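Student: Let me give you the structure first, and then I'll get to my questions.
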Amino acid sequence: MKKVTLILALMITSITFAQDATETPTSTPLEISGSGDLYYKYDFSKNANIGTSFASDQNSLSLGMLDFALKKSYGKASFVGELSFGPRGAGQSIPDVAGQSFHIQNLYTTYAFTDKFSMTAGYMGTFIGYEVISPVANFHYSTSYLFTNGPFQNAGIKANYKISDKFGAMLGIFNDTWNNYQADPTKGLNAVGGQLSYASEGVSAYLNFMDGSVSGTIIDLTATFQLSEKFKLGLNVADWSNEGEVGYTGFALYPSVAVTDAFALGLRAEYFKSKEGADLYGIDADQSVTAFTLSANYKVGGFTFIPEFRLDSNSDEYFTDSDMAATKAASQATLAVVYGF
């Protein structure tokens with residue numbers, strides 16, 4: 001593993017010398033994009049019951065995050081940096097650095113050696129899972145148990161290869177744990193991850209895995225099927241295991257229909273089970289939960305208005321009702337406003 005790390009590091013640090021001196025590199029203008037979001041959420045038990053990564057405040061008009069992303073390319077090299085402020089982008093994103101009011105979502109560089117082969121190094125939004133941190137890219141405002149308990153980001157070095165017009169592959173080495181800028185110096189880059197991808201007209205699928213002595217083993221499948229001009233179906237299936245019977249398994253379906261160009265309806269139907277030794281976020285060890293989230297997306301210019309209703313049912317009396325008595329079910333309603341630029 002040390003030899004592999006050294007070889008990859010040397011390849012990345014030497015990319016500035018790979019450009020043919022006789023060529024005139026092309027430079028693109030600096031691209032700036034981002035988003036801002038806020039929400040109101042009400043749990044019908046009058047308690048904040050459902051464990052979700054974001055939209056956690058009860059009966060409050062609250063902030064999500066203000067996010068800025070920068071992208072620049074020069075010749076065969078490109079750079080991406082993304083910084084976010086606010087609860088969703090700082091304290092509720094991982095890692096939560098004490099006293100820090102912002103969070104680096106992405107900070108990486110890529111070098112394309114050929115049209116088919118490139119390498120990327122840095123701190124990157126994870127390649128695992130269906131949902132992401134940015135609310136602009138998600139149909140639903142609240143997040144799934146699979147997202148909340150999976151990796152948010154990975155730091156490392158990865159190689160990307162375009163096998164054909166439809167198939168691609170990625171293989172990389174990553175920091176020993178998820179969501180950390182720095183690895184344990186005794187462990188270093190001791191996690192191996194990879195991806196096989198397929199994309200054609202109307203279908204995209206990604207088979208992902210990561211394995212490490214600290215991070216454990218996660219296998220994940222995400223797919224999107226554009227079944228008609230208006231109807232789309234998303235899929236996420238994942239299993240994570242670590243020492244001591246820690247881990248989870250689950251799946252989620254994401255059907256959605258575009259009623260008009262500006263209005264769409266979508267459902268997330270999720271089943272999630274924690275393993276015997278895993279007390280996870282929003283669920284205790286050896287429990288299972290089914291969660292149904294119905295959302296609408298209404299788009300006006302760069303704005304997306306997201307009214308949402310969510311019902312979660314646990315196998316045990318995990319939630320509380322309005323009298324603070326234990327109960328198996330919890331429900332909430334949310335109205336979010338997301339602006340993307």
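Student: Quick check on this structure: which one of 122, 75 is at positive phi, touching a Pro at 6+ places or on another chain (Cβ under 6 Å) and of a type in the set (Gly, Ala, Ser)?
Tutor: Exactly one of 122, 75 is at positive phi, touching a Pro at 6+ places or on another chain (Cβ under 6 Å) and of a type in the set (Gly, Ala, Ser), namely 75.
Student: Can we say residue 258 is crowded, with 16+ Cβ neighbours inside 10 Å and either of a type in the set (D, E, K, R) or at negative phi (or both)?
Tutor: Considered against the rule, which asks whether it is crowded, with 16+ Cβ neighbours inside 10 Å and either of a type in the set (D, E, K, R) or at negative phi (or both), residue 258 comes out as yes.
Student: Could you check segment 162-201 and list, in sequence order, the residues that are more than 18 Å from residue 220 (Cα to Cα) and either among the acidic types (Asp, Glu) or surrounded by 14 or more Cβ atoms within 10 Å (Cβ to Cβ) (or both)?
Tutor: 162, 165, 175, 176, 180, 183, 184, 187, 188, 189, 190, 201
Student: I've got another one for you. Within segment 276-311, restricting attention to residues that are of a type in the set (D, E, K, R) and modelled with pLDDT of 95 or more, which residue is farthest from residue 220 (Cα to Cα)? Don't jump to the end; show me each part of the working.
Tutor: Step one: filter segment 276-311 for residues of a type in the set (D, E, K, R), giving 276, 279, 284, 286, 299, 308, 310.
Filter again for modelled with pLDDT of 95 or more, leaving 299, 308, 310.
Numbers: 299: 31, 308: 26, 310: 24 Å.
That would be 299.
Student: Moving on. Among the residues of segment 54-86, write down those that are surrounded by fewer than 17 Cβ atoms within 10 Å (Cβ to Cβ), in contact with a Leu (Cβ under 7 Å, 6 or more places away or on another chain) and closer than 30 Å to residue 117 by Cβ.
Tutor: 70, 72
Student: Six or more apart or on different chains, Cβ atoms under 6 Å: show the pairs whose first residue is in segment 316-341 and at positive phi and whose second is at pLDDT below 95 and among the charged types (D, E, K, R).
Tutor: Taking only residues 6 or more apart or on different chains, not a single pair turns up.
Student: Right, here's the next one. Could you go through segment 42-50 and let me know if any residue there is in contact (Cβ under 8 Å) with a residue 12 or more places away in the chain, of a type in the set (A, V, I, L, M, F, W, C), in a strand (DSSP E or B) and crowded, with 18+ Cβ neighbours inside 10 Å.
Tutor: No; the residues of segment 42-50 include none that is in contact (Cβ under 8 Å) with a residue 12 or more places away in the chain, of a type in the set (A, V, I, L, M, F, W, C), in a strand (DSSP E or B) and crowded, with 18+ Cβ neighbours inside 10 Å.
Student: Regarding residue 173, is this residue in contact (Cβ under 8 Å) with a residue 60 or more places away in the chain, within 25 Å of residue 106 (Cβ to Cβ) and in contact with a helix residue (DSSP H, G or I) (Cβ under 9 Å, 6 or more places away or on another chain)?
Tutor: Against the criterion (in contact (Cβ under 8 Å) with a residue 60 or more places away in the chain, within 25 Å of residue 106 (Cβ to Cβ) and in contact with a helix residue (DSSP H, G or I) (Cβ under 9 Å, 6 or more places away or on another chain)), residue 173 qualifies.
The values are calculated or read from the model by the stated rules, or taken from the named source; none is laboratory data. These numbers come from a predicted model, not from an experiment. Positions of Cβ are generated from backbone atoms using ideal geometry, with glycine treated the same way; all protein chains shown enter the neighbour counts.
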